[in-house]
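Enquirer: Quick one: this structure, given as C-alpha cells, is what I'll be asking you about.
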Amino acid sequence: MTDTTDYVPPKVWTWNKASGGAFANINRPIAGPTHEKELPVGRHPLQLYSLGTPNGQKVTILLEELLALGHAGAEYDAWLINISQGDQFGSGFVAVNPNSKIPALLDRSGEKPVRVFESGAILLYLAEKFGAFLPSEPAARAETLSWLFWQMGSAPYLGGGFGHFYAYAPSKIEYAIDRFAMEVKRQLDVLDRRLAESAYVAGPDYTIADIAIFPWYGGLAKGLQYGAAEFLSVKDYTHVQRWADALLERPAVRRGRIVNRLSGEPAEQLRERHDASDFELRTQDKLAAAG
C-alpha cells in the first residue's frame, strides 16, 4: 500500500489492485450478483436474511420485541448471510436488496411478497405494520424518526469510518483514526446530552429509535465493538451507559443480539433462528460443538 504521505490521487481512479484489510476479498466497485443462488424460504410470514452485525441486530431485536408484545404475525425465519464469504452477492439476495447489504426482509404475509431493505426502512416498515414502538402523535413520531435517521446518518462514521480504520484497515493511519474518533466522540456527546434529559432517546417511551441506536452506540459504550472502549473513554458518557444497561436488561434485546451471530462466546451465538425454542437449544448445542 502506498504511504499516505507520498500518495497523489490519480486523475481517474481505477480498480487495479486489492485494497487490503479484513474485507478486501469482497470489496468491488460494481453492483449486481456474482453467482446464482436462490434464497431459502421458511414457514413464517417474515423471512429475514441477515448477519448479527449492529445493523442486523436492529431488526432481530425489534422482531423479538414484537413477539414479546404478543404479535404472532411477527414470527420470522432468520437466515444467515455470511458477508465474509460473499453470500450477499448471490442472485437471490440481490433480488431482495440490490445494494447487497444486510439485512434484507421479505414479507410473505400478503398476496404479493414485499421486499424491504436498509435497516432503518425495515424498522419503520415493521413498526407501522404492527403499530408498535413508533408513536402516532405527530410531535413524538417526528422526534422518533429524527433520531432513527440520525443513527442511519451516523453509522458510516462509526462503522465505516472509525471502526474500519481503527480495527480493520491493513495499516494504522493517524489522520484517519483521529478524524473519525473525533466525530464518534462528538456523536456520543450528542447522545449523552439527549439521554441526560430523557429516559429513552426519543422521549419517555422505548421506540425504534432506541432499537436502531443501541447496537451501534450501546455496543460501543459496553465494550462490545472494535476493542475501543478505553481508547474512546466511553465510561465518561454516563447517561449513555445508564441507557445501554437498561436495554441490556430487556429479554428481547438479549435474544435479538445473538441471532445470526458468528462471533463471541458460543452461548451468545444463534446461527439461524426459525422458532422461539431455538434460543433454549443454543447453549447446549454451541457448547457441545465448542468442546
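Enquirer: Calculated FRET efficiency, Ser136 and Ala72, Cβ-Cβ r, R0 30 Å, to nearest 0.05? The partial results should precede the final answer.
Expert: On the way: r = 22 Å, r/R0 = 0.73.
E(calc), rounded to 0.05, equals 0.85.
Enquirer: Now for a different question. Which of the following values of Rg and Dmax of the Cα atoms in Å was calculated from the structure shown: (i) 22.8, 81; (ii) 19.6, 60; (iii) 17.8, 50?
Expert: Entry (ii).
Enquirer: Of all alpha-carbon pairs in region 1-159, indicate the percentage at a distance above 20 angstrom.
Expert: Working: 7317 of 12561 pairs.
Distances greater than 20 Å cover 58 percent of the Cα pairs.
Enquirer: Another question, if that's okay. Please compute the contact order of the chain in relative form: average sequence separation of alpha-carbon pairs under 8 Å and at least six residues apart, divided by the residue count, as a percent.
Expert: Numbers: 421 pairs, mean separation 61.3, N = 291.
Over the chain, the number comes to 21 percent.
Enquirer: Could you give the length gained by full extension between Glu265 and Asp205, i.e. 0.36 nm per residue of separation minus their alpha carbon distance, to one decimal place? Provide the component values of the computation, followed by the final result.
Expert: Details: separation 60, 0.36 × 60 = 21.60 nm, distance 3.16 nm.
Result for the pair: 18.4 nm of gain on full extension.
Enquirer: Return the sequence-ordered ³J(HN,Hα) values of region 125-141 in whole Hz as given by the Karplus equation 6.51 cos²θ - 1.76 cosθ + 1.60 applied to θ = phi - 60°, using x for Gly and Pro.
Expert: 4, 5, 4, 6, 4, 9, x, 9, 6, 9, x, 8, 5, x, 5, 5, 5
Enquirer: Please figure out what share of the DSSP beta bridges in the chain is antiparallel and state it in percent, rounded to the nearest 5. Intermediate values should be presented prior to the final figure.
Expert: Numbers: 10 of 17 bridges.
Percent antiparallel among DSSP bridges in the chain is about 60.
Enquirer: If each DSSP helix of 4+ residues adds -39,500 (n - 2.57) and the sum is divided by the residues in the chain, what number results at 222 nm, nearest 500 deg cm²/dmol? Each step should come with its number before you reach the end.
Expert: Numbers: 9 runs with 113 residues, N = 291.
Using -39500 (n - 2.57) per qualifying helix, the result is -12000 deg cm²/dmol.
Enquirer: Using 0.36 nm per residue of separation minus the Cα-Cα distance, give me the extension gain between Ala229 and Ile26 in nm, one decimal.
Expert: Contour length minus the Cα-Cα distance gives 70.3 nm.
Enquirer: Residue by residue through region 181-192, which ³J(HN,Hα) values in whole Hz follow from phi under the Karplus form 6.51 cos²θ - 1.76 cosθ + 1.60 (θ = phi - 60°), with glycine and proline marked x?
Expert: With the stated coefficients, region 181-192 comes to 4, 4, 5, 5, 5, 5, 5, 4, 5, 4, 5, 5 Hz.
Enquirer: Between Asn82 and Met182, how many nm apart are label points set 7 Å from Cα along the C-beta direction?
Expert: 4.1 nm
Enquirer: Let me ask something else. What Kirkwood Rh does region 156-289 have if only Cα atoms enter the pairwise 1/r average? Answer in Å. Before the final figure, lay out each step's value.
Expert: Numbers: mean 1/r = 0.0616 Å⁻¹.
Radius from the Kirkwood sum: 16.2 Å.
Enquirer: I've got another one for you. Restricting attention to the alpha-carbon atoms of region 92-247, what are Rg (one decimal) and Dmax (integer), both in Å?
Expert: Rg and Dmax of region 92-247, Cα atoms, are 17.0, 54 Å.
Enquirer: Along Cα→Cβ, 7 Å out, is where each label goes; now give me the distance between the ones at Leu248 and Tyr175 in nm to one decimal.
Expert: Once both label points are built, they end up 3.7 nm from each other.
Enquirer: For Tyr168 and Thr238, what is the calculated FRET efficiency with R₀ set at 30 Å and r taken between the beta-carbons, to the nearest 0.05?
Expert: Numbers: r = 29 Å, r/R0 = 0.97.
Efficiency, from the Cβ-Cβ distance: 0.55.
Enquirer: Something else now. Between Glu272 and Val8, take the C-beta separation as r, use R0 = 45 Å, and let me know the FRET efficiency to the nearest 0.05.
Expert: Numbers: r = 48 Å, r/R0 = 1.06.
FRET efficiency, Glu272 to Val8: 0.40.
Enquirer: Counting other Cβ atoms within 10 Å of each Cβ, which trypsin sites (Lys or Arg not before Pro) in region 79-174 have at most 13 and sit in a DSSP loop?
Expert: On the way: sites: Lys101, Arg108, Arg115, Lys129, Arg141, Lys172; in loops: Lys101, Arg108, Lys172.
Loop-located and lightly packed - Lys172.
Enquirer: If each residue of separation counts as 0.36 nm, what is the full-extension length gain between Thr34 and Glu197 once their alpha-carbon separation is subtracted? Intermediate values should be presented prior to the final figure.
Expert: Details: separation 163, 0.36 × 163 = 58.68 nm, distance 4.87 nm.
Working it through step by step, the gained length comes to 53.8 nm.
Read the figures in this text as sums done on the coordinates, not as results from a lab. Just so it is clear, the model here is predicted, and its values are computed rather than measured. In this analysis, Cβ positions are derived from the backbone assuming ideal geometry, glycine residues included, and neighbour counts consider all displayed protein chains.
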